[in-house]
Structures are given as C-alpha cells and as structure tokens.
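The values are calculated or read from the model by the stated rules, or taken from the named source; none is laboratory data. In this text the structure is predicted, and so the values were computed from the model without any measurement. Cβ atoms come from the backbone with ideal geometry, glycine included; neighbour counts cover every protein chain shown. With ligands, DNA and RNA removed, areas are computed over all heavy atoms of the protein, side chains included. Shrake-Rupley method; radii C 1.70, N 1.55, O 1.52, S 1.80 Å.
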Amino acid sequence: MWFNSLLGGRNKCGEQAKFKAAAPGVMIEALGGRVLPSAAPSLPPADAIIVPLGVSANVAQQETLRVDGTFSVTGVHGSQLSAAIDANLYLDDGTPLHFTIDAHVKLMGNHIEGTPTMVFDDGSTMSFYYEIKLDEDTGVFEGDFWISGGTDQFEGASGSGEIYYPIATVGPLSMEGSLWR
C-alpha cells in the first residue's frame, strides 16, 4: 500500500493513503482505521558519521609496513628451528623502529611456520603468524604473515603481508605489507 501511494496508485480500500510527518525521517501512514509507521527510508544528515554496529568510533589507520634485518639460526632440534633476528620496522613516516626476535618455529622440510614476537626497544611487542615455503629455483623461503596483536604502541594491531629470507644459517630477512592500528 505504501508503495502504491508513492506511485500515485490507490490502496486496496480505494482511498489515497494519507501521510503525516511524525519526526525527521519517520512518516505515519493512515490505513483505514489503523495508523502504522511507514517503511519510508530515512536518510541521515549529510554531516553524520555512520559507524557499523560493533565497530569502535576509534577507526584503525592503515600504514605501510616494511622490515629489513638479519637472522641467525641458533639451533635445529628435530622439527624445531631457533633463530635470533635483529631488524628495523619502517612505517609510513619512515622512522626506523628497532626490534629483536628470539624465534622458535616449526621446520617441516621445505615449509616453515611459527608465531614469533617482535620486541621493540621501548618494550612494545607485536606478534605475527607466518607460513613460508622454499622456492627451489631461487633458494628463498617466501610466504605470508598475519599480525595477531601486540602491546603498548601495537596494542590491537592487525595486518598482513609477505615475508622472505634465503636458505642460510645467517642472512637477510624482509617483510612487506600493511599494519592496522
């Protein structure tokens, strides 16, 4: 019935529906002896900020993430690989944030996965999960990482990207991706 009245049609009773403004964006439609709120769409003011349910008004900001550093394998015991990492994290502003990692990850032939934690000089931390495979043609382990959180300046952090480093006991470590915090 509401639809018919918008198009200038008639309702089933043969009467034109009557509308009355009740509040901004709400219309009252008289249907015979009944009065019902209309299903007319209500548009927010042009300057309104719309935040989906369950999302904080503190909107996360995306930053480009780049890591350059070195790793040193400190031990291999069965499928457990231990390594020490010394590196810098570069975000959008380019200021290097120095961190270290004492990593203990799982080595499965040409596949490595684990959840290391970056420990920054100011005491902040950022953890990530990664899975890499060996590219036999290049001799480089490469794959994806997913940031799973952190503390202090990285509390609530998330993001993802690519990680790669060569087969070696000592070598360069690189990561590129996005950070949300």
Item checked: Selection within region 168-181 - open to solvent by 20 Å² or more (accessible area, probe 1.4 Å) and farther than 21 Å from residue 91 by Cβ -> 168, 169, 170
Notebook entry, point to check: How many residues does region 93-125 contain that are modelled with pLDDT under 95 and closer than 19 Å to residue 63 by Cβ?
Noted result: 3
Next item on the list: Determine whether residue 80 is farther than 15 Å from residue 65 by Cα, among the polar types (S, T, N, Q) and out of contact with any Phe, Trp or Tyr (no Cβ under 6 Å at 6 or more places or on another chain).
Entry: yes
Next item on the list: Select, from 89, 134, the only residue that is part of a strand (DSSP E or B), within 23 Å of the chain's Cα centre (by Cα) and in contact (Cβ under 8 Å) with a residue 12 or more places away in the chain.
Entry: 89
Item checked: Index of the failed condition, residue 82 passing every other in (1) in contact with a strand residue (DSSP E or B) (Cβ under 9 Å, 6 or more places away or on another chain); (2) farther than 22 Å from residue 62 by Cβ; (3) open to solvent by 40 Å² or more (accessible area, probe 1.4 Å); (4) not acidic (Asp, Glu) -> (3)
Notebook entry, point to check: For residues in region 151-167 being modelled with pLDDT of 95 or more and under 25 Å from residue 74 (Cα atoms), which is least open to solvent (accessible area, probe 1.4 Å)?
Noted result: 163
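For every residue, the table says whether it meets (1) farther than 18 Å from residue 180 by Cβ; (2) over 23 Å from the mean Cα position of the chain (by Cα).
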| site | (1), (2) |
| --- | --- |
| 94 | yes, no |
| 100 | yes, yes |
| 108 | yes, yes |
| 130 | no, no |
Notebook entry, point to check: Does residue 98 count as part of a strand (DSSP E or B) and either more than 17 Å from residue 141 (Cβ to Cβ) or open to solvent by less than 30 Å² (accessible area, probe 1.4 Å) (or both)?
Noted result: yes
